[in-house]
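Inspection log for the structure reproduced underneath, given as structure tokens.
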Amino acid sequence: MTERKSFYITTPIYYPSAKLHIGHAYCTTIADAAARFKRLAGYDVFFLTGSDEHGQKIQLKAAEEKVTPIQYVDRIVAGFQQLWQRLGISNDDFIRTTEERHQKVVQEIFRRIYAKGDIYKGEYRGLYCTPCESYWTERQLKDGMCPDCGRPVQEVAEEAYFFKLSNYADRLLAHIEANPDFIQPVSRRNEMINFIKQGLDDLCISRTSFDWGIPVPGDEKHVIYVWFDALTNYLTPIGFLDDATKFGRYWPADVHLVGKEIVRFHSIIWPCILMALDLPLPRKVYGHGWLIVGGDKMSKSKGNVVDPNLLIDEFGADAIRYFLLREIVLGQDGNFSRDALITRINADLANDLGNLLHRTLNMIGKFQAGVVEAAGPATEISVALRTAARETVAEYEREMEAMELSPAIKRVWAFIGRANKYIDETAPWALAKDPAKKAELATVLYDLAESLRIISVMIAPFMPATASRIWSQLGQKGSFDDVRLNDIKDFGALSAGQTIGRAEQLFPRIEIEEEAATAKPVMKEKPAKETKAEVKGSAGGGEVTFEDFSRIHLRVVKILTAEHVPGTDRLLKLTVDLGGEQREIVSGIAQHYEPETLVGKTVVMVVNLKPAKIRGIVSHGMILAASQGDGLRLLEVDMPLGSQVK
């Protein structure tokens, strides 16, 4: 038997100074989707997350609440673990830096590097940011503040141990340049190269001004500084000290997934520690972007933090997972809004996926007494669907291996759209009326059931509970956990003669009008004739006053993405950049432009148009175009983003 290839992925270990927000959930959901896919592809996966529990900030927080530091972190960390369970996170271990197993690892690493001569005692005088647990030089400050969090720093002077980070600068730079994929995305890689080239100072790795931490072996008035403690967590659960076989199996890590604000610690400090230990470096450090709410990075101090538990209560875990992974391109910042979430649930989950499953099962129940019959002779249309299924699985595998999660989801949903179109093309209800078309009907319904089987497996990394529900409703036998990617590479593996399960609604449609009671905007879909007028404008006359015209706000925007609205020939969904803000709009220009030709165009947009729901998508504006006869062209301009058009 061939040994399975291993895959080790980690999230940051989160700091329990407060409850987690949706940004933390985003990071952990990315890692979970990657881990689930690798298991699906047959890998031996180890997925680690955890909590970083030491440091001055925790000690101060505990003192404020009149509890011990361990009592404080126990309560907060229990909330972390409960959230991951609710969100369907499939981590193999949860590391707490207060655990004895980790203390042993940290102290042994300190001893080894100290014995090598790369740790020495000195005096630290400089600038320290308590919230970030970071030391800074004067030149690194931004407007006199911490460059990471923007808060004040304080001067500190104390005896400390230092790690000779500077000894490894040239070796690290050579490694980064020789391994282009080591730091991703490329923008983060370039930032780190520039940071190293400015010169690396030796790293202060102990403190004496507080005692909530792991004692320095042999000098217990010092506690080991939080980053030296925290980063080594990745070695503890895989047997660094106590299981050489396990450690050899999983190290080096395949992916350290982190927020972009801590890429520096993971791609500079951590590799230098590993070099000092003569250990291989991780294969990849991936810095994901931030979630933006109301134009700002999510922050407790700004009051724009979104509680994922409340979202799960309202919409369910799989809907939240789907939105985060579908809406945000990995490595880039992404907008989070409740309205956009509801739109995705209604359009993608209720309409596209939910309707495909419900219609298929209802037709099998009505026309074939609930039994999936063997397919009859293939038709040109059925061959096209089966070819699309195979191509989708192949491209999905390629994108998921590259951690291109959002493109992979979009690809699956394009196939869902293709399957829905197959129903319209074949009209099973009409075939069922003609006994001579029984074999053709069997082909259509088999193809739809098999397509749903394949879809359920592909969505499993993103929406595990939903995938399992679809599997059960299709009447599939055995545990869904045993399914592998190879099971869907050939169309036609669905066993004929099996009885389907009961059709259940996956995602009830959310009526936006009902939100009026909570002061949310009421958005109703416009009739088709109004939608057309909105796009092309009206040829009607009538004078307007300057006051009327001044109420229309026109801005220069850049088109970032463009894609067809499923089920329509005329509509495109566009994402546009207003210069610091992104919006989605629906435009009826699909007959005049291919989506890929629009990306990068700088055009004019009405930004204060009342939002309208068109085909389940909330459109927040309108781009301007000129038309004559059957021709139409967007108004393109050469001006900076956000410029006002007067």
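Quick notes on this one:
- Residue match in segment 403-420 (condition: of a type in the set (S, T, Y) and farther than 30 Å from K438 by Cβ): yes
- Selection from segment 612-644 of residues that are in a loop (DSSP other than H, G, I, E, B), more than 28 Å from T343 (Cβ to Cβ), free of Cβ contacts under 8 Å to residues at least 60 places away in the same chain and not acidic (D, E): G629
- Filter result for L279 (of a type in the set (A, V, I, L, M) and closer than 21 Å to Q107 by Cα): yes
- Top-ranked residue of segment 358-402 - restricted to ones that are of a type in the set (S, T, N, Q) and not in a helix (DSSP H, G or I), ranked as surrounded by the most Cβ atoms within 10 Å (Cβ to Cβ): Q368
- E596 meets each of the listed conditions (1) assigned to a strand (DSSP E or B); (2) among the charged types (D, E, K, R); (3) within 28 Å of A347 (Cβ to Cβ) apart from (1).
- Condition check for V67: touching a residue at least 12 places away in the same chain (Cβ under 8 Å), of a type in the set (A, V, I, L, M, F, W, C) and not in a helix (DSSP H, G or I): no
- Only a single criterion out of (1) touching a residue at least 24 places away in the same chain (Cβ under 8 Å); (2) over 22 Å from P464 (Cα atoms); (3) not acidic (D, E) is not satisfied by L274, namely (1).
- Just one of the listed residues (E177, E220) is within 32 Å of the chain's Cα centre (by Cα), surrounded by fewer than 12 Cβ atoms within 10 Å (Cβ to Cβ) and among the acidic types (D, E), and it is E177.
- Screening N355 against (1) out of contact with any Phe, Trp or Tyr (no Cβ under 7 Å at 6 or more places or on another chain); (2) crowded, with 21+ Cβ neighbours inside 10 Å; (3) within 13 Å of F507 (Cα to Cα) leaves a single unmet condition, (2).
- Here I585 meets each of (1) closer than 19 Å to T343 by Cα; (2) at pLDDT below 85; (3) of a type outside the set (D, E); (4) in contact with a Leu (Cβ under 9 Å, 6 or more places away or on another chain) with one exception, condition (2).
The values are calculated or read from the model by the stated rules, or taken from the named source; none is laboratory data. If you're wondering where the values come from, they're calculated on a predicted model, not measured in any experiment. We place every Cβ from the backbone using ideal geometry, glycine too, and count neighbours over all the protein chains shown.
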